[in-house]
Structure formats: C-alpha cells, structure tokens
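Reading through the structure tokens given below for one structure.
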Amino acid sequence: MENRITQINSSLYDQCIADYEVRSSLFAAEAPEVGAARAKAIGHFKQLGFPSTKVEDWKYTNLVPVLKENFELEQDEDILSVKDAVIAKSKIDLLDCYHIVLVNGKYRADLSDAVNVEGVYLSSITDAAARPAFKQHFGRYIDLEKFHFAAANTALFRNGLFIEVKRNTVVEKPLHLIHITTADAPTYFQPRQLFVLGTSASISIIESYGTDTNGAPVFINHVAEIVVQENAQMQHFYIQAGDQHARYVHHTEVYQQANSLYNNYKASFPGTSLWRNNLNVALDGENVESHLYGLYLAGGQQIVDNHTIVDHRKPHCNSNELYKGVMKDDSAGVFNGKIFVRKDAQKTNAFQQNNNMILGKKAVVDSKPQLEIFADDVKCSHGSTMGQFNPDALFYLKSRGIGEEKARALLIHAFAYDVTEKIPIPEVQSHINALIEQGLK
Amino acid sequence: MLSIKNLKASVEGKEILKGLDLEVKAGEVHAIMGPNGSGKSTLASVLTGKENYEVTGGQALFEGKDLLDLSPEDRAREGVFLAFQYPVEIPGVSNINFLKTALNEIRNYKGLPNLEAKEFLKLLKEKQKLLEFDAALANRSLNEGFSGGEKKRNEIFQLAMLDPKLAILDETDSGLDIDALRIVSRGVNKLRNGKNAFIIITHYQRLLEYIVPDYVHVLYKGQIVKSGTKDLALELEEKGYDWLKEDSKETEAADIMLPR
Ligand SMILES: Nc1ncnc2c1ncn2[C@@H]1O[C@H](COP(=O)(O)OP(=O)(O)O)[C@@H](O)[C@H]1O
Ligand SMILES: [Mg+2]
C-alpha cells in the first residue's frame with residue numbers, strides 16, 4: 001500500500017500483487033510487448049491500488065462495500081459449460097449477426113459462430129500474440145498512471161479477445177459479443193479486448209453481458225482497446241443488463257486516426273449492482289468524427305457511473321455526446337464528461353449533454369460536464385439537466401384515456417428517444433426499447 | 001349527459017368558478033363564450049380532472065356518474081374528451097403510437113380487446129380523410145414542431161379517432177385559417193350524431209356559423225350569466241361583452257342568479 005488515503009485496503013489488492021509474482025515466470029513466454037506492458041502496469045497499480053472516494057474520479061462511487069465481499073482472483077479454468085438459456089437471454093431477436101460467446105473472458109469458438117469473412121481475424125488474445133497488428137497496438141493507449149483498474153487489468157489479465165479487421169474490409173453482418181460470467185464463489189475477473197480496424201475498414205460490434213453465478217457475487221474489471229485507423233468506421237453497442245450479483249468496472253479506450261468514425265451506443269438497465277464505465281476517445285487525426293450516446297435506466301440500489309473523456313488532439317474534428325438517465329428507486333448515477341480541446345485542435349466542434357429524469361425519491365445523480373479548451377477557434381457546448389415528469393404532458397396523455405403507468409412509460413420512452421432513435425440497427429433498437437419496457441416495471 | 005350544478009372551483013386559493021350550472025343532453029351542441037379570463041378553460045380543466053384545480057362546491061354528473069370523483073384517465077374512458085386550447089408537445093411519443101395506446105386503453109376499460117393492427121389502420125385512414133389530416137403529421141412526434149393550426153387539427157383528429165360521448169373544444173378555432181376552420185367544422189359536423197354532444201368554447205361567432213349550436217352561454221367571472229340560442233352569439237359579436245358586464249354587476253349587486 002503506497003497511499004492509505006487514496007487507496008482501499010483490501011485483500012484483493014494483496015492477491016493481485018501476489019498473483020503477479022506467482023505468474024511472472026509465465027509472462028516470459030508471452031509476446032514481449034505484453035510482458036513489457038504488464039511490468040509497467042504492475043508498477044502503476046502498486047502506486048494506485050484500488051481507488052477510495054478521495055480520488056477525484058471516484059468521489060461518488062464508493063468501492064469499499066464492493067471490495068469487502070471477499071473476492072478471489074480468477075484462476076486458469078477448464079472449459080466451463082454454460083446453460084444455453086443464459087446465452088440466449090442476451091440474444092437479439094431477428095438480428096442477423098455472428099454470435100461470439102466469451103465465458104469469463106475466454107473466447108469460446110465451440111459456442112460461437114464462425115466468422116468466415118475475408119479480412120477478419122478473430123481469436124483469443126493469447127492466440128493473437130504473433131500478429132503484427134496485435135504487437136503494434138496492444139497496451140498502447142491507456143494512461144495507466146491514471147486508471148487504477150486498467151493498470152490492474154493490464155498487469156494481470158488472463159483471457160480476452162482480439163479482432164482485426166483488415167484494410168478495406170467491410171463486415172456486413174454485425175458481430176454480437178456475448179460476455180458470460182460464471183462462478184460459484186465470489187470471484188474477480190479481468191478480461192481484456194483489443195479491436196483493430198485497418199484503413200477504410202468497417203464493422204458493427206454489439207456487446208452484451210450476462211451472468212450465471214448461483215448467487216455468488218462477481219466483480220468484472222473489463223478493459224477494451226479499440227484502434228480505428230484512417231477512414232475506418234465502427235458502430236459499437238454496449239447493452240449492459242445483468243443481475244444484482246455482478247459489479248462491473250468497464251474501461252474502453254478508443255484511438256481514432258484521420259477521417260475515421262467511431263460511434264458508441266451504450267444502454268444500461270436495472271439489475272447489476274454497479275456499472276462503472278470509463279469511455280475514453282482520442283481523436284488523433286483530422287476530420288475525425290465521434291458520437292457517444294448513452295442511456296441509463298437505473299433502479300433498486302444500483303450505481304451507474306459513466307466517465308467519459310473526449311480528447312480532441314487535431315483540427316477539424318467533430319464530437320457529440322448525449323447521455324440520458326432515468327433514475328428509479330434508490331439508484332445513484334454519476335456522469336462525468338471531460339472534453340479536451342488541445343492547442344492544435346482548431347475548428348473543433350465538441351458538444352456534450354447529460355439529461356436526467358429523477359423518478360425515485362431517494363435517487364440521485366451527480367453530473368459534472370467539464371470542458372478544457374486550449375484552442376481558440378472552436379465550437380463547444382455542454383450542459384446537464386435534472387428533471388421529473390412534465391405534469392402537462394402527463395395530464396395530456398391521461399386526458400386521452402391512458403392510465404398513469406402507461407403514460408409514465410410513454411414519457412420515459414420519449415425521453416430516451418433522443419438516444420434510442422440514433423441506434424442505426426432496427427433490431428438492436430427494438431431490443432433496447434424492450435429492455436426499457438422491462439426495466440420500468 | 002352532463003349535468004353541472006352550482007360548480008365552484010379554485011386554483012391556488014383563488015376562486016375561479018363561482019357557482020356554475022349547465023345541462024347538456026345527448027345530441028346537443030352548446031357554445032360557451034366569454035371574455036378572456038372568465039373561466040372557460042378552467043371549466044374544461046375541472047371537467048377533465050387537471051390537478052391543481054380544486055373543486056370547492058357543487059357537482060358534475062356525467063351519464064349519472066359523479067365525474068369529479070373519477071381519475072382523468074377514467075373520465076376519458078367514460079367518454080369525455082377535451083380538445084386543448086394549448087395542446088402539449090411531446091417529442092419522442094409518436095402520434096400513431098399514442099393514439100393506438102389511448103384507443104386500446106379506452107377499449108380495455110370497456111372490456112373490449114385491443115384493436116387489430118389492420119382495423120386500427122383502417123380507422124386511422126378513414127379519420128385522416130375525414131379531417132384532411134396530413135399523414136406526415138400523423139406519423140410525427142406528438143405535436144412536436146406543429147404550427148398552432150396543425151396542433152388544433154390534431155386535437156380534432158384525435159377526437160375523431162377516440163369518438164367520445166362528450167367533446168369539449170377549447171378555442172379550437174384560434175390559430176386556424178379559414179380553410180382549416182371549414183375542414184375542421186365539416187369534420188365535427190360529420191361526427192355529430194344523436195348520441196354525442198359538444199361543448200364549444202370560443203370567442204368568435206365565426207366558428208358557430210359552421211358548427212351551429214343549439215345553445216349559447218356566456219361565462220363571465222366564473223358564472224353563466226346569460227344563455228340563449230345562436231342569435232346570442234351574433235349579438236355578442238356586435239356588442240361585445242361590456243353590456244353583459246354592466247348587467248352582471250347589477251345581478252351581483254342584487255345577488256340574483258340569472259336564469260339559464
Ligand atoms: N393554473 C392556474 N394558476 C393560476 N391561475 C390560473 C390558472 N388557470 C387559470 N387561472 C386563472 O383563472 C382565471 C380564468 O382563466 P381561464 O379559465 O384560463 O380563462 P378563459 O379560458 O376564460 O380565458 C384567470 O384569471 C387565470 O389567470
Ligand atoms: Mg381559455
């Protein structure tokens with residue numbers, strides 16, 4: 001423990017440090033890029049530990065109760081069987097896609113569709129070690145001095161997925177990644193992903209999350225790195241549903257080059273105890289476009305914490321971020337959106353908006369949009385709102401015979417519509433609308 | 001159908017309706033006129049159950065049921081409809097989905113199953129045609145970005161779709177140009193039958209040339225101070241309301257209720 005104020009004292013920390021020592025001889029067999037990243041990361045993790053609420057970015061999300069749950073580190077596992085029903089639950093009706101199933105981070109070809117598309121390479125992260133795109137990009141983009149969990153993951157990840165979409169490859173059908181976590185004792189997992197889109201490549205990736213833990217709590221520290229090279233396009237969907245036994249800290253680091261497009265659509269629903277999402281996008285080339293759409297419907301005692309960083313490094317880029325929250329019951333939300341516009345990034349358009357509907361008497365949202373602008377010729381705006389039902393709208397609906405509950409549901413759908421309408425795949429849109437419906441009950 | 005007796009209501013502690021009486025029978029069209037602020041919209045709000053309107057006395061029976069005792073949605077399901085003076089914009093709720101939901105809620109209340117998609121579409125087309133209501137508008141978000149006139153037409157389109165027993169039209173004519181007024185009036189006239197009734201709140205006699213009322217009432221300071229036939233509307237148009245104000249002062253002084 002380096003710093004008793006900013007770190008939480010927990011056995012998990014000690015386990016992590018010990019695990020690194022135990023496995024360090026095995027790391028020598030990995031690609032040198034991975035070994036180097038691990039060595040650097042463990043140093044940072046020793047410094048950082050697990051963040052207490054004294055760390056500014058963790059001010060509103062207290063991990064002490066989570067870390068008290070006696071999590072054990074994941075071990076090397078045999079091939080686990082997974083109930084079909086658990087996988088089926090995440091599937092999207094009528095969607096023509098490739099299903100890719102990962103169990104505790106491990107890519108399971110036996111449960112997945114083969115992706116026989118020229119120019120697409122998909123494998124477990126361990127099998128990717130020799131690939132140039134992997135070596136070139138792995139572990140390159142996350143600032144491990146800042147991100148406690150990403151440091152731990154980088155040092156200690158066991159399983160993961162690598163996807164490479166080669167230059168000029170347009171993948172017509174979306175990939176649907178279904179992440180299943182299964183355990184029968186409290187377990188801490190650290191899966192890892194790297195997606196590399198080559199020049200002018202294009203793909204849609206949907207990611208869903210499911211758990212089957214027999215009541216045991218699981219803590220998933222997930223890290224994804226995404227590289228979108230010149231003129232490439234990625235549509236990326238996160239559908240974050242799950243049960244109360246799961247806690248997620250989920251880091252996505254996106255690195256974009258000139259003329260590329262990255263759109264992220266994230267929807268989270270009641271169930272899971274904790275969603276902490278870090279979504280960082282670096283616009284590191286001219287004419288880059290990024291859209292970040294978020295919808296969080298929170299209920300029960302759930303904590304949903306979205307931190308985003310949009311980093312404009314070069315001129316003539318556009319970013320637009322819209323996060324909308326519907327907070328029921330005793331749920332707690334955090335929105336922290338940083339936009340950096342660096343000195344070089346003239347002619348930047350950067351917009352950010354966070355709107356919340358607070359429905360639960362004890363529900364809260366801490367919303368903090370932050371702009372840091374070092375260029376002078378830019379258009380930027382940000383804002384956040386908190387609201388309740390508009391009584392006039394509610395009355396209007398009721399005056400047409402629509403009952404209280406249905407009227408509220410209609411208004412919540414309407415509130416979410418600014419986000420849901422943006423979802424470009426109709427089946428995904430309907431799926432998310434159905435989850436909203438379900439989440440409102 | 002509707003029987004209002006000595007209705008008193010206040011908003012934020014201020015009494016707006018001060019003992020109002022009105023009898024509406026099936027098949028009738030009643031016009032309510034009166035200067036701004038006299039309580040016309042308040043009457044509509046009280047009858048449809050808007051919150052913050054406190055009924056302090058009197059009663060309103062609808063088909064023998066105590067209307068004031070029902071929730072707003074149940075009043076609608078029983079067959080009361082208000083075409084709002086200021087329709088609300090609800091971005092994100094599609095007009096069509098809204099109508100389908102409303103229609104089915106009303107049907108379910110009556111013990112009827114949901115309307116089949118095909119039936120619903122048929123009804124939609126039929127009523128669109130009746131009111132020459134632009135299909136593009138029907139497909140948009142509820143009133144979002146509609147012009148004043150379009151919103152009013154949408155109210156009447158909803159009226160046609162929901163087919164209530166009692167329709168209250170609150171200044172539907174304001175914001176409508178003459179062509180739209182004609183179309184809307186023609187639509188309303190076609191919807192008239194012996195079983196339903198209309199209360200038409202308006203400032204202007206113009207609308208009443210198209211939808212000819214059986215009775216005209218003047219609402220002034222929360223009471224109906226004069227009732228008559230459609231000729232009363234003409235008289236009001238010519239003379240304004242000032243002569244009634246004089247009248248009403250006298251009545252107030254004499255503390256006599258004007259006969260309806
Ligand atoms: N929600 C409200 N809050 C406060 N005062 C109101 C409200 N609604 C109506 N009033 C008041 O009640 C009176 C009657 O208003 P209204 O019924 O809208 O008149 P009309 O429709 O005849 O023009 C006015 O003095 C108005 O200011
Ligand atoms: Mg009015």
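The values are calculated or read from the model by the stated rules, or taken from the named source; none is laboratory data. Just so it is clear, the model here is predicted, and its values are computed rather than measured. Don't worry about glycine lacking a Cβ; one is built from the backbone with ideal geometry, like all the others, and counts go over all protein chains shown. The accessibility values were calculated without ligands, DNA or RNA, using every heavy atom of the protein model including side chains. Shrake-Rupley method; radii C 1.70, N 1.55, O 1.52, S 1.80 Å.
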Of all residues in segment A:235-259, how many are in contact with a Leu (Cβ under 8 Å, 6 or more places away or on another chain) and assigned to a loop (DSSP other than H, G, I, E, B)? 1
Would you mind telling me which numbered condition in (1) touching a Gly at 6+ places or on another chain (Cβ under 9 Å); (2) open to solvent by 10 Å² or more (accessible area, probe 1.4 Å); (3) in contact (Cβ under 8 Å) with a residue 60 or more places away in the chain; (4) under 17 Å from A:SER319 (Cα atoms) A:ALA232 fails? (2)
Which residues, taken from segment A:198-218, are farther than 29 Å from A:PRO132 by Cα and not in a loop (DSSP other than H, G, I, E, B)? A:TYR209, A:GLY210, A:THR211, A:ASP212, A:VAL218
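For segment B:18-29, enumerate the residues that are more than 16 Å from ligand 2 (Cβ to nearest atom) and part of a strand (DSSP E or B). Step through it out loud before you land on a result.
The initial filter retains those residues of segment B:18-29 that are more than 16 Å from ligand 2 (Cβ to nearest atom), namely B:18-19, B:21-29.
Within segment B:18-29, B:LYS18, B:GLY19, B:ASP21, B:LEU22, B:GLU23, B:VAL24, B:VAL29 qualify.
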Which numbered condition in (1) within 16 Å of ligand 2 (Cβ to nearest atom); (2) over 14 Å from the mean Cα position of the chain (by Cα); (3) of a type in the set (Val, Ile, Thr) is the only one that B:VAL93 fails? (1)
Can you tell me which condition A:LYS343 does not meet? The list is (1) open to solvent by 30 Å² or more (accessible area, probe 1.4 Å); (2) more than 17 Å from A:THR61 (Cβ to Cβ); (3) in a strand (DSSP E or B), and all the others hold. (3)
Of those in segment B:4-17 that are buried (at least 18 other Cβ atoms within 10 Å of the Cβ) and away from ligand 2 (no atom under 16 Å from the Cβ), the residue nearest to B:GLU63 (Cα to Cα) is B:ILE4
Just checking: which of the strands (runs of 3 or more DSSP E) contained wholly in segment A:348-399 hold 1 or more residues that are within 14 Å of chain B (Cβ to nearest Cβ) and of a type outside the set (Asp, Glu)? A:348-358, A:378-387
Being outside any loop (DSSP other than H, G, I, E, B), closer than 29 Å to A:LEU111 by Cβ and open to solvent by 70 Å² or more (accessible area, probe 1.4 Å), is that true of even one residue in segment A:47-63? no
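Can you pull out the strands (runs of 3 or more DSSP E) entirely within segment B:48-99 that have at least 1 residues that are farther than 24 Å from B:LEU191 by Cβ and within 11 Å of chain A (Cβ to nearest Cβ)? Reasoning before the result, please.
Working: elements: B:53-62, B:80-83, B:90-94.
Where strands (runs of 3 or more DSSP E) fall fully within segment B:48-99 and carry at least 1 residues being farther than 24 Å from B:LEU191 by Cβ and within 11 Å of chain A (Cβ to nearest Cβ), they are B:53-62, B:90-94.
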Kindly provide the set of residues from segment B:30-57 that are surrounded by fewer than 16 Cβ atoms within 10 Å (Cβ to Cβ) and within 16 Å of ligand 2 (Cβ to nearest atom), ordered by number. B:ASN36, B:GLY37, B:ASN52
Read through the list (1) at pLDDT below 95; (2) on the phi > 0 side of the Ramachandran plot; (3) away from ligand 1 (no atom under 16 Å from the Cβ), then give the number of the only condition that B:VAL93 fails. (2)
So A:ALA151 fits all but one of (1) surrounded by fewer than 21 Cβ atoms within 10 Å (Cβ to Cβ); (2) more than 22 Å from A:VAL228 (Cβ to Cβ); (3) at pLDDT 95 or above; (4) of a type outside the set (S, T, N, Q); what number is the exception? (1)
Of (1) open to solvent by 20 Å² or more (accessible area, probe 1.4 Å); (2) assigned to a loop (DSSP other than H, G, I, E, B); (3) within 14 Å of chain A (Cβ to nearest Cβ), B:PRO113 satisfies all except one. Which? (3)
Of everything in segment B:162-179, what is open to solvent by 10 Å² or more (accessible area, probe 1.4 Å) and either touching a helix residue (DSSP H, G or I) at 6+ places or on another chain (Cβ under 8 Å) or within 16 Å of ligand 1 (Cβ to nearest atom) (or both)? Give them in sequence order. B:LEU162, B:ASP163, B:PRO164, B:LYS165, B:GLU171, B:SER174, B:GLY175, B:LEU176, B:ASP177
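Mind checking whether some residue in segment A:119-133 is more than 30 Å from A:ASN259 (Cα to Cα), open to solvent by 40 Å² or more (accessible area, probe 1.4 Å) and of a type in the set (Ser, Thr, Tyr)?
Within segment A:119-133, the first condition is being more than 30 Å from A:ASN259 (Cα to Cα), and the residues that meet it are A:126-127.
Subsequent filtering for residues that are open to solvent by 40 Å² or more (accessible area, probe 1.4 Å) retains A:126-127.
Restricting the remaining residues to those that are of a type in the set (Ser, Thr, Tyr) gives A:126.
Yes, the conditions are met somewhere in segment A:119-133.
Determine, yes or no, whether B:ASN104 is under 30 Å from B:ILE4 (Cα atoms), surrounded by fewer than 22 Cβ atoms within 10 Å (Cβ to Cβ) and within 16 Å of ligand 2 (Cβ to nearest atom). Quick ask: steps written out before the conclusion?
Values: under 30 Å from B:ILE4 (Cα atoms): yes; surrounded by fewer than 22 Cβ atoms within 10 Å (Cβ to Cβ): yes; within 16 Å of ligand 2 (Cβ to nearest atom): no.
Criteria not met by B:ASN104.
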Lone unmet requirement of (1) more than 18 Å from A:GLN15 (Cβ to Cβ); (2) open to solvent by 10 Å² or more (accessible area, probe 1.4 Å); (3) over 19 Å from the mean Cα position of the chain (by Cα) for A:ILE142: (3)
Between A:SER81, A:SER25, which is surrounded by fewer than 16 Cβ atoms within 10 Å (Cβ to Cβ), free of Cβ contacts under 8 Å to residues at least 12 places away in the same chain, of a type outside the set (Asp, Glu) and not in a loop (DSSP other than H, G, I, E, B)? A:SER25
How many of the residues in segment B:186-222 are within 16 Å of ligand 2 (Cβ to nearest atom) and not hydroxyl-bearing (Ser, Thr, Tyr)? 10
Against the conditions (1) open to solvent by 40 Å² or more (accessible area, probe 1.4 Å); (2) under 28 Å from B:LYS195 (Cβ atoms); (3) under 14 Å from the mean Cα position of the chain (by Cα), where does B:ALA76 fall short? Just the number, please. (1)
